[in-house]
Amino acid sequence: MGLRDDVDRFREVGDQRRQDLEEFISYGDLGGSRPDQVKIPVKIVDLPEFSYDKRSMGGVGQGQGGTPQPGQPVGPPQPGDGDEDGDPGEEGADHEYYEMDPEEFAEELDEELGLDLEPKGKRVVEEVEGDFTDVTKVGPKGTLDFEELFKRGLKRKLAMDFDEEYIREALKIEGKGPRAVFEWARGQRIPVSFAWIEEAYNEIPADERTTWASFEEFEENVDQTHVGDRIRRDGLKEVPFRREDERYRHPEIIEKKERNVVVINIRDVSGSMREQKRELVERTLTPLDWYLTGKYDNAEFHYIAHDADAWEVDRQDFFGIRSGGGTRISSAYELAAEILEEYPFSEWNRYVFAAGDSENSSNDTKDRVVPLIQEIPANLHAYVETQPGGTAINATHAEEVERALGTAGNVAVTRVTRPDDVIEAIYEILSTEDGAESDSQ
Amino acid sequence: MKDERLDARRIAAGLDESVSEAANLARKLGLDPYPVNYWIVDHDEMNELIAYSGFQDRYPHWRWGMAYDRQQKKDQFGMGKAFEIVNNDNPSHAFLQESNTMADQKAVITHVEAHADFFANNSWFGLYSDRGSAGTDPDAAAMLERHGEAISRYMDDSDIERTEVERLIDAVLCIEDTIDQHRPLAAADIDDEDHDIDDITDKLDQLGLSEDVRQQVFDEEWLEDRAEADEAAGIDDPRLDVIAFLRDHGKRFDPEAGKAVDREEWETDVIERLREESYYFAAQKMTKVMNEGWAAYWESLMMGDERFAGTDEFITYADHQARVLGSPGLNPYKLGKELWDHLENTTNRKEVADKLLRVEGVTWRNFGDAVDFETVASLLAPDPTIGGIGTDRLDELTELAEEGDPRVDADAVERAIATRDGELDPEDPEAVDADRYPWKLLTYEGLAERHFSLAKRQNRGFLKGIDRSELEQLARYMFDDEKYASVEEAIADVDYTAGWDRMREVRESHNDVTFIDEFLTGEFVLHNNYFTYEYSHAGSEYRVASTAAEDVKRKLLLQFTNFGKPSIAVYDGNFANRGELLLGHRYNGVALDIGEAKDVLERVFDLWGRPVNLMTIRTEYDDHELEVARRRGREPEGTEVGVRLRYDGDQHAEFDLEPELKNAIEASEVDYDTKPDEWLA
């Protein structure tokens, strides 16, 4: 018995707890997830039981501040229990999804793909205070380094201190006035000022001025005491504090750069992009969005749909739209460039992902798209070609981009024909930025 | 408490006082909890306890591992913070999170005391506890431990395959809720029909047949056949305790022999033990809303109204409550507490209205006009001496005590005065701190007045909102309707304990289904903004369906009746005369999850040894109808068709259900579908 055994047994008995990421991305139901929450179906290891069909059951809800009207949509039913405190007993709510936030998703994808994208910090958002290692000569009182001030004052005192008695005695040498004593003192490296000597000299009573006959006699009879002894004898009455000794400590200013990212998703919604292709696009672009959300502190997304023209759409609509028109991919890049004006490359990490079936109006790729890609600075430009039937004859956009920009270092071109290819495509795209060599399929 | 794996420590000294005073306060308030032992545990230990349903020694099984895994995950994401866990036993054991703040711990302790009262007094818990030989205690920890050991021994037994034991446990767990939870463990076992051979023999004796005839016609073989036939469940008498039926009549399929063989004894033993555990836990499952609401109610009263927390901890407490009651979706705590509040208010309101109707000049017709509700509100407010107790008011209380006022605990007042005047040392257990524990100075009656619900600010309008028909009904059988000369007189006679007394009665007798059924009124639904929702095929989404009280109630009842699961019973133990099992889904308008049901049938086969069948009713739509409905943006109409699912150990199959069988499982009374007609139009 024991928790350890039971947990081990659980791991043995269950299949892999959840669909692994590859399976999920290629075949799983992406619909249960949101931009900030990834829900991966769990292979249910749990035991079955007789239960109601969820849809047949319906439920009861409670309105927040007022009762809603019949007919109003409600979100999918929550597991009934708002249940935190013990009432021990068997829980009913089956978790059919393993939920992870984008950070975890990014980590897992990194692991699975063997990547390690380091998000770059760009825009300085805040200046954060680090350790108190910076020292300046001015500052607010509270940051005064008193210890330093005292030490310096003390040093100064010690340096400027002199044996007054000694000098006074020296002034009693016959024939030696203040000037002579001053010069002699200087020679002795005694830090006495001339003014002090003069004043001291004047204080000496006349009859004492001739106490000593000469310097030699003076030196024989009078000893200089060391400053340490003097202090020990007299005590330290005061330590001179000088303004120039004041030191103020500051925290080191560390610039915290926000790691932010803007992602432009571009999709060809022209007539040729049928269901299958749309699904492949969704399977490729959605995990990329999650990945980047997880890697960066702040992520913004823009979605551009285009046929012969481009327009911006909401995320909901992005994967579903289908128009009837022709295709001019450059229209999307023009719009993208416009949008990106709000996000200067110096402050934002930029990713521009485009997907379609490589069909484009003649010369548009060569004449307009390639130059546009070159003009729009970004961490990564990617084109995902979804051609379930294999390459079509006039669908050459991917090839052309690859030829022109394949070695640019920030351009990835990849092809997806089946769900199985999706994870490989994602890898190619992400690894291009990661520094690995971009392999075209 | 024996404990090998947990490093649970007894609570810190700081909490000792809170624990004993909470128990004291609970008793003063009229509660009667099991004694509780408190333990402090850390995060991991708490997760472990939750995984094991509050007990440490259970049988070995991966389900605990899975529960632990999930709980840990929830905890990691900050979703699963459990403040405490308490189990139903005498004495009860409660485990507190080490990381709780002081205010949290106090809140939790008061919450636990209320749970312990519920466990001890609710008669549905009593169904298990009063088992005769074990006295009136659940003796749960011991029982679960015994089971754990017994099953462990089977697993370690060299003659028994461990995987076989696990497989058997798996199978029983799938049907752990198919019991007769409204009857006690033992009684559920007794079959109504007598198929005892002796009884039949007795009956034959009474016929007075000659020996020859008896021996020729009613020979041993006939008798046995008869007995067996009687054993089989009848269509008219479906057996709700499916586990017991399988235990008694099930066999095991031997793949080598290619047929069903008798079970081993250990198998029957395991099945019975698990069955008992189901019965033990059934009460908890059946009273979740009531129990959680009960605990939330008393916690709120003790912590909030009675300031058990102490003023500085009050803020953190408000935060704690908000977290617990604020979660979205249907929250059993919230529903439960709201129902209890409602019950308290309506009972108190009836009491006050009754008194007011006996005032001269007040009738049920002029009630709204004749009564000045402002005046009544202030009259209902507690006596200042009762409402605001402190060391400075002790003398006033003494006066009341001397008058024999039933609201005052005279002995406590004496001791409080002695403490105040220094005659009693504050550390002395006899001492009473009137400022810290003002409630000690009152009796149950005093506390009831002090906390009378209709006097609270948030309930001010409640009295006025009384339904006219209720007033009329009260007045109808009133004899003494001119008893009081004034409103003041009438209010002076109000029995403040009416609400709490009734609440205690209800917490004893009801379960979630009867609780909701009786007390969820239209007023409640409106007041608390409840609504039902249904799945709309037309819109491929869930939509608000109804705000009518009856619908809300029915939908709620659906979630709580039979543990919120479809009711399955045994209809025949010898179906098609081939020893097949026939189970029936007792259909109430809500469909079964067929996929899950098929998976369960596979497990049931493990317990029966022979093919197993399940009858149910399914709504089928024809394509044309679906197309039309889709075009018109309305709900498709389907027909209810009876089906019989069958699993023979190898393959699943489906058959049409004979009309008489379909009738047998169809319940015609209650329709749980609350979709408005407009959706179908």
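Once a ≥ b ≥ c are taken as the square roots of the eigenvalues of the Cα gyration tensor of segment B:29-152, is the result rounded (a/c under 1.5), prolate (a/b larger than b/c) or oblate (a/b not larger than b/c)? It is oblate, given that a/c is not under 1.5 and a/b is not larger than b/c. Quotient of the Cα radius of gyration of segment B:444-575 and 2.2 N^0.38 Å, N being its number of residues: 1.52.
Annotation: extensible slack from B:T639 through B:K464 equals 58.1 nm (criterion: 0.36 nm per residue apart, minus Cα-Cα distance).
Using the Stokes-Einstein relation with a Kirkwood hydrodynamic radius computed over Cα pairs, the translational diffusion coefficient of segment B:451-498 at 37 °C and a viscosity of 0.692 mPa s comes to 260 µm²/s. Approximating the spin labels as points 7 Å out from Cα along Cα→Cβ, the B:E17-to-A:R186 distance works out to 7.8 nm.
Mind grabbing the base-10 log of I(q)/I(0) for segment B:514-661 at q = 0.10, 0.11, 0.16 Å⁻¹? Debye formula, identical points on the C-alpha positions, no solvent, two decimal places. One equal scatterer on each Cα of segment B:514-661 leads to -0.50, -0.60, -1.00. Once the Cα-Cα distance is subtracted from the 0.36 nm per residue extended length, the A:E258 to A:A408 segment shows a gain of 51.3 nm. Label sites at B:Y621 and A:D131, each approximated as a point 7 angstrom past Cα along Cα to Cβ, lie 6.9 nm apart. Within segment A:268-356, the proportion of C-alpha pairs whose separation exceeds 19 Å stands at 41%.
Scattering from segment A:325-379 was approximated by placing one identical point on each alpha carbon and applying the Debye formula without solvent; log10 I(q)/I(0) at 0.13, 0.24, 0.32 1/Å stands at -0.33, -0.96, -1.39. Cα centroids of segment A:177-211 and segment B:496-532: 105 Å apart. Label sites at B:D236 and B:E518, each approximated as a point 7 angstrom past Cα along Cα to Cβ, lie 3.3 nm apart. Converting the Cα gyration tensor eigenvalues of segment B:366-434 into ellipsoid dimensions via √(5λ) gives semi-axes, longest first, of 35, 11, 8 Å. Evaluated with a Cβ-only charge set (Lys, Arg +1; Asp, Glu -1), segment B:444-556 carries a dipole of roughly 600 debye about its Cα centre, given to the nearest 20. The alpha-carbon atoms of segment B:336-376 define a convex hull whose volume equals 74 cubic angstrom per residue.
Ranked by the mean number of other Cβ atoms within 10 Å of their residues, highest first, the peptides A:157-168, B:347-358, B:84-95, B:450-461 fall in the order B:84-95, B:347-358, B:450-461, A:157-168. Mean separation of Cα pairs under 8 Å and 6 or more residues apart, divided by the residue count, gives segment A:243-359 a relative contact order of 39 percent. Cα gyration tensor of segment B:325-401, axes a ≥ b ≥ c as square roots of the eigenvalues: rounded (a/c below 1.5), prolate (a/b > b/c) or oblate? Taking the square roots of the gyration eigenvalues as a ≥ b ≥ c, segment B:325-401 is oblate.
Our summary of shape: the Cα atoms of segment B:494-560 have principal axis extents of 54, 23, 13 Å, ordered from largest down, in whole angstrom. Measure up B:K553/B:K598; B:K288/B:K662; B:K350/B:K483; B:K106/B:K440 against 23 Å on the Cα-Cα distance and list the ones that go over. In this structure, B:K553/B:K598; B:K288/B:K662 lie more than 23 Å apart at Cα.
Residues within the reach of a label modelled at B:S540 (point 7 angstrom out along Cα to beta-carbon, backbone nitrogen below 18 Å), restricted to segment A:276-308, are A:276-283. Across segment B:579-650, the convex hull enclosing all Cα atoms gives 99 Å³ per residue. Gyration tensor analysis over the Cα atoms of segment A:261-417 returns equivalent ellipsoid semi-axes of 22, 18, 15 Å (largest first, whole Å). Find, among the GluC sites (Glu not before Pro) in segment B:355-398, those assigned to loop by DSSP (not H, G, I, E, B) with at most 10 other beta-carbon atoms within 10 angstrom. When the GluC sites (Glu not before Pro) of segment B:355-398 are filtered for loop state and at most 10 Cβ neighbours within 10 Å, nothing remains. In segment A:273-419, Cα pairs under 8 Å separated by at least six residues give a relative contact order of 23 percent.
For B:D411 and B:R167, the FRET efficiency from 1/(1 + (r/R0)^6), where r spans their Cβ atoms and R0 equals 60 Å, is about 0.45. Note on A:E216/A:E148: beta-carbon distance plugged into 1/(1 + (r/R0)^6) with R0 of 45 Å gives a FRET efficiency of 0.55.
Just check segment B:321-450 against the gyration tensor rule for me: Cα atoms, a ≥ b ≥ c as the square roots of the eigenvalues, rounded for a/c under 1.5, and otherwise prolate or oblate depending on whether a/b exceeds b/c.
Note, shape of segment B:321-450 comes out oblate.
Rounded to 0.05, the FRET efficiency of the A:D317 and B:D650 pair, given R0 = 60 Å and the Cβ-Cβ distance, is 0.80. Please report how far the C-alpha centroid of segment A:272-308 lies from that of segment B:384-400, rounded to the nearest whole angstrom. Between the Cα centres of segment A:272-308 and segment B:384-400 lies a distance of 72 Å. Beta bridges per DSSP, both residues in segment A:221-343: antiparallel share near 30 percent.
Going by neighbour counts of Cβ atoms within 10 Å, the residues B:T375, A:T396 line up, fewest first, as B:T375, A:T396.
Each reported figure results from applying straightforward, stated rules to the coordinates on display, with no laboratory input. Everything quoted here is computed from the prediction, not taken from an experiment. Cβ: placed from backbone, ideal geometry, glycine included. Neighbour counts: every protein chain shown.
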